[in-house]
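Okay, so here's the structure we're looking at.
The values are calculated or read from the model by the stated rules, or taken from the named source; none is laboratory data. Just so it is clear, the model here is predicted, and its values are computed rather than measured. Don't worry about glycine lacking a Cβ; one is built from the backbone with ideal geometry, like all the others, and counts go over all protein chains shown.
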Amino acid sequence: MTTESTVPLLPCRSLDESLDFYGLLGFEVTFRQKRPNPCASIIRGGIDIFLFEIDGFVPENSYASILIITSDTEELFDAFAEGLRAGLGRLPVSGIPRITRPRKKQGTASGFSIVDPGGNWLRVFRRGESETSDTAPGLLRVIENAARQGDAHGDDAAAIAVLDVGLARYPDAPLVERVPALVYRSELDLRVGNVERARETLERVVAVRPNADDQAALDAQLRIARELLDGL
């Protein structure tokens, strides 16, 4: 019986730039060629990627995308985020490269995405999770719908529109729903360059003082808000 494997080929503008980035994510270089065609093979656990440099390549025009299936999206995100923070001094949440945070997206399994320096999308999903979601209440369902647009499709403007409609529709939503919606709205503002609006929203969020019942549920969101605000 033969054993097969597949290795995605991803274009990049600069091999050095991409290898530096993937190094922060914990990838190791297993092969590199500088001439005549710059290219390299990298690996991290069960993830193999082959990068090749194209002169004049524009990352914003890349259509390349790969799926990464893992048993624990949160654990993998934390590992990637730790490397990015250590190497860049912050978590890149806008522009190219960037990383999105793990969240459920309407109609898909929960996960997160990385856009590498070549504009290629690495889409991370949890293995075995249902790809349907019909039970999230109020604003949490709105966040899933917005994430489908912003994190899955890369349409930040559409995601902002979905969130704004939801926030207006549920003005009395509990903090455990409203805070995550506002934090995500701030992330989207940063992606589209609306820094001042993001700052104003994040300042309101970090000033929130939840009651004892909500504190544990909101701890992670409040930490994210503080990190985003500190990065401005």
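A compact table of results
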quantity	calculated
Residue in the stretch 163-179 that is within 23 Å of PHE77 (Cβ to Cβ), surrounded by fewer than 21 Cβ atoms within 10 Å (Cβ to Cβ), without any contact (Cβ under 8 Å) to a residue 24 or more places away in the chain and not β-branched (Val, Ile, Thr) present	no
GLU82, sole failed condition from (1) farther than 17 Å from ASP151 by Cα; (2) surrounded by 19 or more Cβ atoms within 10 Å (Cβ to Cβ)	(2)
Filter pass, GLY45 being at pLDDT below 95 and over 17 Å from the mean Cα position of the chain (by Cα)	yes
Selection from the stretch 61-82 of residues that are in contact with a Lys or Arg (Cβ under 6 Å, 6 or more places away or on another chain) and assigned to a helix (DSSP H, G or I)	THR73
Test: ALA198 is surrounded by fewer than 16 Cβ atoms within 10 Å (Cβ to Cβ) and out of contact with any strand residue (DSSP E or B) (no Cβ under 8 Å at 6 or more places or on another chain)	no
Flag if SER94 is outside the structural domain of ILE224 (by TED's automatic domain parsing), among the polar types (S, T, N, Q) and part of a loop (DSSP other than H, G, I, E, B)	yes
Residue list for the stretch 119-137, restricted to those being over 22 Å from SER18 (Cβ atoms) and either modelled with pLDDT of 90 or more or buried (at least 17 other Cβ atoms within 10 Å of the Cβ) (or both)	PHE125, ARG126, SER133
From ASP164, ASP172, residue being more than 27 Å from LEU67 (Cβ to Cβ), acidic (Asp, Glu) and part of a loop (DSSP other than H, G, I, E, B)	ASP172
Only listed residue being in contact with a Cys (Cβ under 6 Å, 6 or more places away or on another chain) and of a type outside the set (Val, Ile, Thr), chosen from SER5, SER18, SER41	SER18
Qualifying residue in the stretch 97-118 (condition: at pLDDT below 95, assigned to a helix (DSSP H, G or I) and in contact with a Phe, Trp or Tyr (Cβ under 7 Å, 6 or more places away or on another chain))	no
Failed item in (1) farther than 16 Å from LEU122 by Cβ; (2) in contact (Cβ under 8 Å) with a residue 24 or more places away in the chain, with PRO59 passing the rest	(1)
Some residue of the stretch 115-129 being aromatic (Phe, Trp, Tyr), closer than 14 Å to PRO8 by Cα and touching a residue at least 40 places away in the same chain (Cβ under 8 Å)	yes
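For every residue, the table says whether it meets (1) within 14 Å of VAL142 (Cβ to Cβ); (2) out of contact with any Ser or Thr (no Cβ under 7 Å at 6 or more places or on another chain).
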position: ALA173; (1), (2): yes, yes
position: GLU177; (1), (2): yes, yes
position: ALA181; (1), (2): yes, yes
position: LEU188; (1), (2): yes, yes
position: ALA198; (1), (2): no, no
position: ARG204; (1), (2): no, yes
position: ALA212; (1), (2): no, yes
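Residue by residue, here is whether (1) farther than 30 Å from PRO137 by Cβ; (2) crowded, with 19+ Cβ neighbours inside 10 Å holds:
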residue	(1), (2)
SER18	yes, yes
PHE31	yes, no
ASN37	yes, no
ILE49	yes, yes
GLU53	yes, yes
GLU60	yes, no
SER65	yes, no
ASP78	no, no
LEU88	yes, no
